[in-house]
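The values are calculated or read from the model by the stated rules, or taken from the named source; none is laboratory data. Values in this document were obtained by computation on a predicted structure and should not be read as measured data. Reconstructed Cβ throughout: ideal geometry from the backbone, glycine too, with neighbour counts over all protein chains shown.
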Amino acid sequence: MVSDNNEIAHAAYDSKIEGNVIFTRVDAAINWMRKNSMWPMPMGLACCAIEMMASACSRFDLSRFGAEVMRFSPRQADVMIVAGTVTYKMALAVKRIWDQMPEPKWCIAMGACASSGGMYRSYAVLQGIDNLIPVDVYVSGCPPRPEALIEGLMKLQSKIEGEHALEEQKKEFFEELSS
Amino acid sequence: MSSAQDIEALKKKFGEAVVATVEFRGEHTAEVKLASLKEVLAHARETLGYDFLIDISSLDHFGKDPRFEMVYELATVDDSKHLRIRAKVGEEDSVPSVVSLWAGAEWHEREVFDMMGIRFDDHPDLRRILMWEGYPYYPLRKDFPLAGRPSEMPDVAFTGKAPLEGGPFVTAPGEGNPVTREPRSREID
């Protein structure tokens, strides 16, 4: 803008805009946006699901961390929270839902059962969902308190900050390209 | 009539078919021969008024002959009396289905079939109920290890062996003192 008292001021440059410009890397900007708006796919399979619901409710309020939009369609979700005992009968269904989630996607194994089979050392229970899908964050507890799940989510947020926005978060895409 | 009188009535009507009766703390049990099991249950349902089937379960007396045992828990809807009917079942035997007497027996019998591998005659829909069709084992049999056995059905399900690492909750079938019967862990392969 041209000021009234100085005719040679640069017409194309707005000195006031300086405060609104941020210099950053694309990765950092994209990751900042991604980590603050993670839409969970609630994979509630046992009692952990109750704690997950509690985390989303008013007392603990997952929306403070941008993760309140529980999507019951895998195609709209970013992070799958596997909350509960994964039986062998359910395992391939969990895998199928995971495969339907578009990248970038992350996985939180919530509680002892999802992480390792928990107390179910038996013929019927998959000994940890990481046998089937890659897990980013394990949350301990049986079931974990909502605070623990929220901490797991914050851990995931700080993990996302350090990731490469393309190479690491679009792995499947690149695998498809190269094959 | 009370359960005790019903037991007497069963003994009178079926004679030799009632192998044994047990009374323990007010619970009445009659063990019958498998051949007349359906008749006894029908009599209990129609004549003695046991119109409520609480549960059907099965036992595996591994190492004995006959190996299996069926247990039927009967009651009346007004909860005034209870009766337990048991019958020994050999490995090659099949058990008459009681779905025609109590419709609710259908899923109980499917569970017995799924977990123990006991077959039922005239069952309307004898499929597995907990494990998937094609799973090769019967997990509640005593010779099936707690850790499970590997199995693989592409695109349906797979199972692996759970690491027990000397875990608890292990009991061995048969006689013996508790030390040999309940080891820290056990492998049968």
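Summary of values
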| read-out | value |
| --- | --- |
| Residue that is farthest from B:S58 (Cα to Cα) [pool: residues in the range B:144-162 that are exposed (fewer than 12 other Cβ atoms within 10 Å of the Cβ) and either under 26 Å from the mean Cα position of the chain (by Cα) or within 9 Å of chain A (Cβ to nearest Cβ) (or both)] | B:D155 |
| Residues (in contact with a strand residue (DSSP E or B) (Cβ under 6 Å, 6 or more places away or on another chain), surrounded by fewer than 20 Cβ atoms within 10 Å (Cβ to Cβ) and facing chain B (nearest Cβ under 10 Å)) located in the range A:117-155 | A:A124 |
| Any pair with Cβ under 8 angstrom, 6 or more apart, that starts in the range B:84-97 at a residue that is closer than 16 Å to B:D55 by Cα and in contact (Cβ under 8 Å) with a residue 60 or more places away in the chain and ends at one that is assigned to a loop (DSSP other than H, G, I, E, B) and of a type outside the set (D, E) | B:V95/B:I118 |
| Residue list for the range B:77-98, restricted to those being surrounded by 18 or more Cβ atoms within 10 Å (Cβ to Cβ) and part of a loop (DSSP other than H, G, I, E, B) | B:K81, B:S97, B:V98 |
| A:V79 vs. criteria closer than 15 Å to A:G44 by Cβ, within 12 Å of another protein chain (Cβ to nearest Cβ) and buried (at least 20 other Cβ atoms within 10 Å of the Cβ) | no |
| Odd one out for B:E106, checked against (1) out of contact with any Phe, Trp or Tyr (no Cβ under 9 Å at 6 or more places or on another chain); (2) surrounded by 14 or more Cβ atoms within 10 Å (Cβ to Cβ); (3) within 14 Å of chain A (Cβ to nearest Cβ) | (3) |
| Which numbered condition B:I129 misses (of (1) in a loop (DSSP other than H, G, I, E, B); (2) at pLDDT 90 or above; (3) buried (at least 20 other Cβ atoms within 10 Å of the Cβ)) | (3) |
